[in-house]
Amino acid sequence: MSSSPFITSSHARPKRLLATALGVAFVSSASSVLAADNGTPVSPDADPAAGAVEHLDTINVDGIYSQKPASPKYTEVLRDVPQTINVIPKDLIQDQGVFLLRDILRQNVAGITFGAGEGGSYGDSVNIRGFSATNDISIDGIRDSANTTHSDPFNIDQIEVVKGPSSVYSGAGTVGGTINLVSKIPQVTDFTNISIGAGNADYRRVTADINQQVGGPHSGMAFRLNVMAHENDVAERDITGYKRWGIAPSFILGLGTPTQLTLSYVHEHDKNRPEYGIPLRNYAPVPGIDRSTYFGYTNVDQEKIDNDSFTAIIDHAFNEKVTLRNLTRWAQVDRYSVTDAPEGRICLKPGDYPLGTNLQLPGTAVRCGANGPASVGEGVGGPTYTPGGPIGNLRDTRNTILVNQTDLTSKFNTAGLEHTLVTGISLSHETFTLGSGSLYRNADGTTYAQLPISLFDPTHIYTLPLNRFYSTRADSTVDNRAVYAFDTLKFNDRWQLAGGLRYEHNEATYSSYTASPVASPTQVPGPLLPVATNPLKNSDDLISWRAGVVYKPQENGSIYLAYGNSKTPSTATVDGSCATSCDVDPESAKSYELGTKWDFFKDRLSLTAAIFRTDRTNYKVASGDPAIPYQTLDGSSRLKGIELGITGKISENWSVFANYDHLQSKVLQSVSAKVLATTGIDAQAGNPLANTPDNSANLWTTYALPYNVTVGYGANYTSSVFATANSYTPTTIYARAKIPGFVVHNAMLAYKVNDHLDLLLNINNIFNKEYFTQLRSVSTTSGWANPGTGRTVSLNANLKF
C-alpha cells in the first residue's frame, strides 16, 4: 500500500467524497420504500366473498409499490405506514449479482454498516442508523436464532428493513431497526426457473426454483422447491473463499380457500475459509501490506455451518373481516470455526519495539528478538509478524429456538371510526451452547510460543503441533413470552392514527465452565469446572409502544409523525456472554420521525422523505467501581438524520432504486458516573457513534433498450466512519481509527434471448476500488481491517419454463 487510506484526525472531512455523496443524493432523492414484488393472487376459482386467505408473494404489475409488508402486524400499504421501511425484492437481488445478505444490504440500504466479527459470536454484525441490529434479524416476522450467519438469499422472496426503534413489532431490542427475510412459498401458477452462473474469482452458482400444483388446478395444493449450490473466492483476496449448498421444499394445502396450511423446511450447509483481513497498527494499515495478503492458515482456518429450520403456518379467514395466522418454527444452527486474527507482534528490524508501541510510554513492551528463544528471528531478513492474540481460536456453537406466534386481525367500525386491529401472542424458548479453545497446543494441552514469519509474504501452512483443547464452555437459555395489540383508526379519508403496545416477559439463565488449572507452557490444562457465580439469572418485564398520526392530502400521498421506543434487556438474545451484564436493568431508546410518502404514475413510482431522531438514554457501561462488578446504565447517545428515497419506474423503460441518508450522531456519555466523577475524563463524549457514516447513498437504475437489451448502473457511497471508541487512561487519550469513505461503481447488461432464456452480465466494483468495510481497532498495537471485494465479473443464464 503506497499510502495509508485511514484518517486519524477526528475532525478531518473528505470534501471530495462528501461532494460525491451530495451528487448521488441529488440523483437518488430518498429512502427506498419499495413495496416489492410481494403479493400473491389467490386462486382464480376462489370466491372473494368466502374470505379466502390473502397471501403475499411475487407479482409483476405496475402497482407493486402499494403492497403491504409481509408481516401481519402491518395492515396498511407502505405509503400509509408511519415509519421508514426499505423493501428489496428478489428480482433486484438477481439483477445486481450479489448473493450474501451483507452485500445485498450494503448495496441497497443507506445507513447500514457492518462490524468485524472479532472472534465473538460471529454472524452478521449489522448496524442500522448507528445502533447494532445483529440480534434483530427475523424470518417471516419471527426473530431468528441469535447471531447466526445469514448467507444466501436462494429462498428469500424479499428483504424488509424497518428503520428506528421497533420493539413493539419485533420484541426486545431493535434500537436501530430490524431486518425481516420473507421466505418463498408455493404459488398458484406452475413454473420452473433455473439459473446457472460463472465468473472470475472462481465464481460458480446454480439455483432452481420449481413450483407445481398438486392434484390439478382446483385441488388447492401446491409444492415449491428451491435448491442452490454456490462457490466463490474473493476478488483481490488470497485464500478466502465460500462454498455452500441449500435446499428448501415447501407445501401448501388449501391454497385460495379460507383455511391454508403451509409446511416448509430449509437446510443450508456452508463451508468457508474465513479471515480477518490485514493488520492495523497505530490505527492504520501497516505500510507495504497488500490488500490481498492472507494472515491465516489454509490447513487450520475454517468455518462450517449447518442451518436447519422447520416451519408450519396456519392461515384461516373466518370471513372477509377476521383472519387468524399461527406460525410455529423450530430452528437449529451448528457452527464450528477456527480463525486467526492478525494480532501479533510486528517487527521491522531486530532491537526495535514492536510496531505501534507507545515510544514515550513503552510500558511492558519487549523489544523485537528479546521475547524468549522463539523470538530470535523477529525482524531478521526483513519485517516479520509473530502471531499472537486470538490465534487458532476455536468456537463450537449450537443455537436452537422453538417459537410460536399467533396473530388475529379484525376489521370493524365503532362510533364512525374504521378499525383494523391486530392482537397477538408470542412464545419462544432459545438455547445456546458455546465451546471455545485452541488448536495450537501440544499433545498434553500445554501451550507453546509462536515463531515469526514474513510480514509481506506470510506462510499459509501451519507446521507446529495441532491438538484441539477446549478452555471454556457456556450454556444459556432465554424464554420470552409476549402479548401485543396494534390498531389503525381511520377517522376519514384524510386522517389515520396507528398505534401499538407490547408487553413481554424475558427470562434468561447463563452458566459458564473454565479449565482449571489454565494451560500454560508448563501447565497441563485441567477439566472444565463450573465458575462460582453459576447460574447467572435475569428476569425483565418490558413494555414497548409506538404511535403515529397520518395525514393524507391526497389518496396517493401521506404525511406522518411518529414516536416509538425500544427496550433491550441484558439478555435479549442468547450469545454466551453476559458475565458482567446479566443482572442489569433493560436499556431504553426512543425515536421521533416526521416523514412523507408519495406514489406517482399509477403507483409505479414511490418518493419518500423523513427526518428523525433517536435517543438511547441508558446503555450499559463498566461501573468503574470494584464494589459494583456489574455494568451500570449511565451511557447515553443521540442520533438524528434525514432519509430520502425514490423507487419504481420513471418511464416505461426506465427504473430506479435509490436512497440517501444523512446522519449526525453523538455520544453523550460513555463512562459511568463513578468514572466521570473520579477522573473527569469521558474519552468518547461528543464523538460520533462508531460505524455511523455522516452520509451514505445507493443507486441502482436500469433502462430497457431496443432488441431485448437492458443496461444497468449502480453506485454505493459511504462517507468515512469511526471504527471504534477512544482508548483512554485517566491521563492519556489516544487517537481514533477511521475508515475512509468510498464510492463503488457497478454495471449490468441483460439480453433476453427468447421467452425462456435471459443472459445477465454483471461487473461489480468496475474500477477495482480498494476500500474497507469492516474494521476493529482498540489500541496502537492491535486491530485489523477487512478489505472490500475487488472487481468481479459474472455471467448468468436464467431459464424460465
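The values are calculated or read from the model by the stated rules, or taken from the named source; none is laboratory data. This is a predicted model, so every value here is computed, not measured. Here the Cβ positions follow ideal geometry from the backbone for every residue, glycine too, while neighbour counts run over all protein chains shown.
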> Can you tell me which of Asn413, Asn399 is more than 39 Å from the chain's Cα centre (by Cα) and part of a strand (DSSP E or B)?
Replying inline: Asn413
>> Looking for something in contact with a helix residue (DSSP H, G or I) (Cβ under 9 Å, 6 or more places away or on another chain) and either part of a strand (DSSP E or B) or more than 21 Å from Lys666 (Cα to Cα) (or both) - is there at least one such residue anywhere in region 679-696?
In response: yes
> Just checking, how many residues over region 656-678 are under 24 Å from Gln83 (Cα atoms) and of a type outside the set (Val, Ile, Thr)?
Replying inline: 10
> Considering only residues of region 353-388 that are crowded, with 16+ Cβ neighbours inside 10 Å and closer than 25 Å to Arg468 by Cα, which is modelled with the lowest pLDDT?
Replying inline: Gly388
> Name the pairs: first residue in region 203-227 and over 20 Å from Ile156 (Cα atoms), second residue among the hydroxyl-bearing types (Ser, Thr, Tyr), Cβ to Cβ under 6 Å, at least 6 apart or on different chains?
Replying inline: Tyr203/Ser794; Gly220/Thr257
>> Yes or no: region 538-550 includes at least one residue that is part of a loop (DSSP other than H, G, I, E, B) and either modelled with pLDDT under 95 or surrounded by 17 or more Cβ atoms within 10 Å (Cβ to Cβ) (or both).
In response: no
>> Quick check on Tyr660: is it within 27 Å of the chain's Cα centre (by Cα) and in contact (Cβ under 8 Å) with a residue 60 or more places away in the chain?
In response: yes
>> Looking at Ile239 and the list (1) modelled with pLDDT under 95; (2) buried (at least 19 other Cβ atoms within 10 Å of the Cβ), which single condition is not satisfied?
In response: (2)
> Within the set of pairs 6 or more residues apart or between chains, which connect a residue that is without any contact (Cβ under 8 Å) to a residue 24 or more places away in the chain and more than 15 Å from Asn299 (Cβ to Cβ) inside region 270-282 to a residue that is in a strand (DSSP E or B) and among the aromatic types (Phe, Trp, Tyr) with Cβ atoms less than 9 Å apart?
Replying inline: none
> Only one of (1) exposed (fewer than 14 other Cβ atoms within 10 Å of the Cβ); (2) modelled with pLDDT of 95 or more; (3) within 30 Å of Gln405 (Cα to Cα) fails for Asn492. Which number is that?
Replying inline: (3)
> Just checking, how many residues over region 255-295 are within 30 Å of Ile139 (Cβ to Cβ), part of a strand (DSSP E or B) and within 25 Å of the chain's Cα centre (by Cα)?
Replying inline: 10
> Among the residues of region 623-640 satisfying the criterion of being at pLDDT 85 or above and of a type in the set (S, T, N, Q), which is nearest to Asn86 (Cα to Cα)?
Replying inline: Ser637
> Taking region 183-239 on its own, how many of its residues are among the hydroxyl-bearing types (Ser, Thr, Tyr) and farther than 28 Å from Ile137 by Cα?
Replying inline: 3
>> Anything in region 146-196 that is among the polar types (S, T, N, Q), in a loop (DSSP other than H, G, I, E, B) and more than 14 Å from the chain's Cα centre (by Cα)? List them, or say none.
In response: Asn155, Ser166, Gln187, Thr189
> Do any strands (runs of 3 or more DSSP E) lying entirely in region 700-801 carry at least 2 residues that are at pLDDT below 95 and within 29 Å of the chain's Cα centre (by Cα), and which ones are they?
Replying inline: 772-779, 782-787
> Of (1) crowded, with 18+ Cβ neighbours inside 10 Å; (2) modelled with pLDDT of 95 or more, Asn193 satisfies all except one. Which?
Replying inline: (1)
> Any idea which residue in region 201-214 is farthest from Glu231 (Cα to Cα), counting only those that are more than 26 Å from the chain's Cα centre (by Cα) and surrounded by fewer than 20 Cβ atoms within 10 Å (Cβ to Cβ)?
Replying inline: Val214
>> Which count do you get for residues in region 143-185 that are farther than 29 Å from Phe722 by Cβ and at pLDDT 90 or above?
In response: 14
> Among the residues of region 46-92, how many are polar (S, T, N, Q), at pLDDT below 90, more than 22 Å from the chain's Cα centre (by Cα) and closer than 21 Å to Asp407 by Cβ?
Replying inline: 1
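If you take the residues in region 472-518 that are of a type in the set (Val, Ile, Thr) and in a strand (DSSP E or B), which one is farthest from Thr596 (Cα to Cα)?
Thr514
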> Is it the case that Glu643 is surrounded by 21 or more Cβ atoms within 10 Å (Cβ to Cβ), under 22 Å from the mean Cα position of the chain (by Cα), modelled with pLDDT under 95 and of a type outside the set (Lys, Arg)?
Replying inline: no
> Looking at region 76-105, which of its residues are under 23 Å from Tyr560 (Cα atoms) and hydrophobic (A, V, I, L, M, F, W, C)?
Replying inline: Val77, Leu78, Val81, Ile85, Val87, Ile88
> For region 446-455, does any single residue satisfy the condition of being within 20 Å of Thr298 (Cα to Cα), part of a loop (DSSP other than H, G, I, E, B) and among the polar types (S, T, N, Q)?
Replying inline: yes
>> What's the number of the only condition in (1) farther than 30 Å from Phe612 by Cβ; (2) at pLDDT below 95; (3) among the hydroxyl-bearing types (Ser, Thr, Tyr) that Ser566 fails to meet?
In response: (1)
>> So, Asn232, is that one closer than 30 Å to Pro740 by Cβ and not in a loop (DSSP other than H, G, I, E, B) or not?
In response: yes
>> Looking at the structure I just gave you, is Ser454 surrounded by 17 or more Cβ atoms within 10 Å (Cβ to Cβ) and either in contact with a Gly (Cβ under 8 Å, 6 or more places away or on another chain) or polar (S, T, N, Q) (or both)?
In response: no
> If you scan region 575-606, which residues turn out to be modelled with pLDDT of 90 or more, surrounded by 19 or more Cβ atoms within 10 Å (Cβ to Cβ) and of a type in the set (A, V, I, L, M, F, W, C)?
Replying inline: Ala589, Leu605
> Just one of the numbered conditions (1) at pLDDT 95 or above; (2) under 22 Å from Gly115 (Cα atoms); (3) aliphatic (A, V, I, L, M) is not true of Val667; which one?
Replying inline: (1)
> Residue check: is Gln302 within 24 Å of Gln774 (Cβ to Cβ) and either out of contact with any helix residue (DSSP H, G or I) (no Cβ under 7 Å at 6 or more places or on another chain) or charged (D, E, K, R) (or both)?
Replying inline: yes
>> Quick test of your reading of the structure: Pro342 fulfils all but one of (1) more than 30 Å from Glu268 (Cα to Cα); (2) not in a strand (DSSP E or B). Name the failing condition by number.
In response: (1)
